[in-house]
Amino acid sequence: MATSSREQEARDYLEKHRIMELLNYLTSSLLFFQPDKPREYLVSLLERLRLAKLTGVAFPFFMDQSNIVAMFEMMDSSNKGTISFVQYKKALNTLGLYTADEVLKDDGHGITLDKFKQEVEDCSTVLWPEMFHPKGNVTHCHVECN
């Protein structure tokens with residue numbers, strides 16, 4: 001049982017320091033931009049995150065509104081104007097704005113483009129500053145789907 005205790009300690013540590021969210025963000029950004037020098041890019045991005053935390057300026061988020069709209073439109077291949085709750089969760093996870101242990105409520109109505117854009121914007125402004133604080137201080141940004 002020592003192994004499971006050690007594994008739990010590791011999971012708790014990663015969760016407390018939001019390491020998985022940070023790694024997901026770094027990976028998503030790396031794949032989005034595909035720089036010629038990926039290690040230098042990651043070091044630069046981490047430095048910008050550190051400076052943003054120290055100075056209180058906005059954290060770097062790699063997607064603008066047109067990218068968010070394009071992402072939504074790819075998921076809404078039938079042009080219904082909504083995406084499923086599963087697609088919504090997967091997109092937030094891909095962007096590093098949601099983790100599997102968070103609970104999101106599904107009302108069965110689907111997610112509109114406006115709701116999706118607002119959620120991405122809200123989470124990107126809330127999540128990154130909080131990433132550098134212990135888990136107890138985190139405010140979840142996910143809107144309930146009403």
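The values are calculated or read from the model by the stated rules, or taken from the named source; none is laboratory data. As the structure is a prediction and not an experimental result, all values here were calculated from the model. In this analysis, Cβ positions are derived from the backbone assuming ideal geometry, glycine residues included, and neighbour counts consider all displayed protein chains. Ligands, DNA and RNA are excluded from the accessible area calculation, which covers all protein heavy atoms including side chains. Shrake-Rupley method; radii C 1.70, N 1.55, O 1.52, S 1.80 Å.
For V69 and K37, what is the calculated FRET efficiency with R₀ set at 25 Å and r taken between the beta-carbons, to the nearest 0.05?
Details: r = 30 Å, r/R0 = 1.18.
Given R0 = 25 Å and the Cβ-Cβ separation, E is 0.25.
If you scale each eigenvalue of the Cα gyration tensor by 5 and take the root, what three semi-axes come out for the range 1-42, rounded to whole angstrom and sorted largest first? List each step's numbers first, then the result.
Details: eigenvalues 187, 19, 10 Å².
Computed over the range 1-42, the values are 31, 10, 7 Å.
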*In whole Hz, with x marking every Gly and Pro, tabulate ³J(HN,Hα) for the range 83-94 from phi via Karplus 6.51 cos²θ - 1.76 cosθ + 1.60, θ = phi - 60°.*
10, 6, 5, 5, 4, 4, 4, 5, 5, 4, 5, 4
*Sort D122, D64 from largest to smallest accessible area, using a 1.4 Å probe on the heavy atoms of the protein chains.*
D64, D122
_As I understand it, the dipole of the range 5-56 uses +1 on the Cβ of Lys and Arg and -1 on the Cβ of Asp and Glu, about the Cα centre. Which of I19, L54, F33 lies farthest toward its positive end?_
L54
*Over 31 Å between C-alpha atoms is what I'm after, so list which of K16/K115; K37/K90; K53/K90; K37/K115 land there.*
K37/K115
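Please give the length that would be gained between E7 and L113 if that part of the chain were fully extended, namely 0.36 nm times their separation in residues minus their C-alpha to C-alpha distance (nm, one decimal).
The span from E7 to L113 would gain 34.2 nm if fully extended.
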_Solvent-accessible area of E7 with every protein chain in place, 1.4 Å probe, in Å² to the nearest 10_ = 90 Å²
